[in-house]
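Undergrad: Submitted below is the structure of interest, expressed as structure tokens.
Read the figures in this text as sums done on the coordinates, not as results from a lab. Since the model is a prediction, treat every value here as computed from it, not as a measurement. Methodologically, a virtual Cβ is constructed for each residue, glycine included, from the backbone with ideal geometry; neighbour enumeration extends over all protein chains shown.
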């Protein structure tokens, strides 16, 4: 811990990045993690906006892999977004 900072650093920047960045998924993993069970599908259908629905599926899928809320940009998740959009909003 540096003298200028009073916060304790437990993780390295690389570890923080690994923990909070979206995972790189294969097509098979996308099909598995972005699939919805009946309860999840019911919640999905309650959302009116397509963007909210897609975001819901992606966040839920990522949470199934890493139980944290991830920080990501569209550029990082573009392939996952396209997959989810093709599956749930044809």
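Undergrad: Per-residue counts of other Cβ atoms within 10 Å, averaged by peptide: what ranking do you get for 57-70, 29-42, 9-22, highest first? List each step's numbers first, then the result.
TA: Working: 57-70: 15.4, 29-42: 13.0, 9-22: 11.2.
Top of the packing list down: 57-70, 29-42, 9-22.
Undergrad: Given a cut-off of under 8 Å on Cα pairs at least six residues apart, what relative contact order in percent is computed for the chain?
TA: Relative contact order here is 35 percent.
Undergrad: Can you give the FRET efficiency to the nearest 0.05 for residue 40 and residue 11, using r as the Cβ-Cβ distance and R₀ = 25 Å?
TA: 0.25
Undergrad: Counting other beta carbons within 10 Å of each Cβ, put 46, 7 in order, fewest first.
TA: On the way: 46 10, 7 7.
In order of increasing Cβ crowding within 10 Å: 7, 46.
Undergrad: Work out how far the C-alpha atoms of the chain reach from end to end along every principal axis, then list the three figures in whole Å, largest first.
TA: Sorted largest first, the three principal extents are 54, 26, 21 Å.
Undergrad: Additional query: Okay, helix-only estimate at 222 nm for the chain: each DSSP H run of n ≥ 4 adds -39500 (n - 2.57), divide by all residues, round to 500 deg cm²/dmol; what do you get?
TA: Details: 5 runs with 55 residues, N = 90.
So the calculated ellipticity at 222 nm is -18500 deg cm²/dmol.
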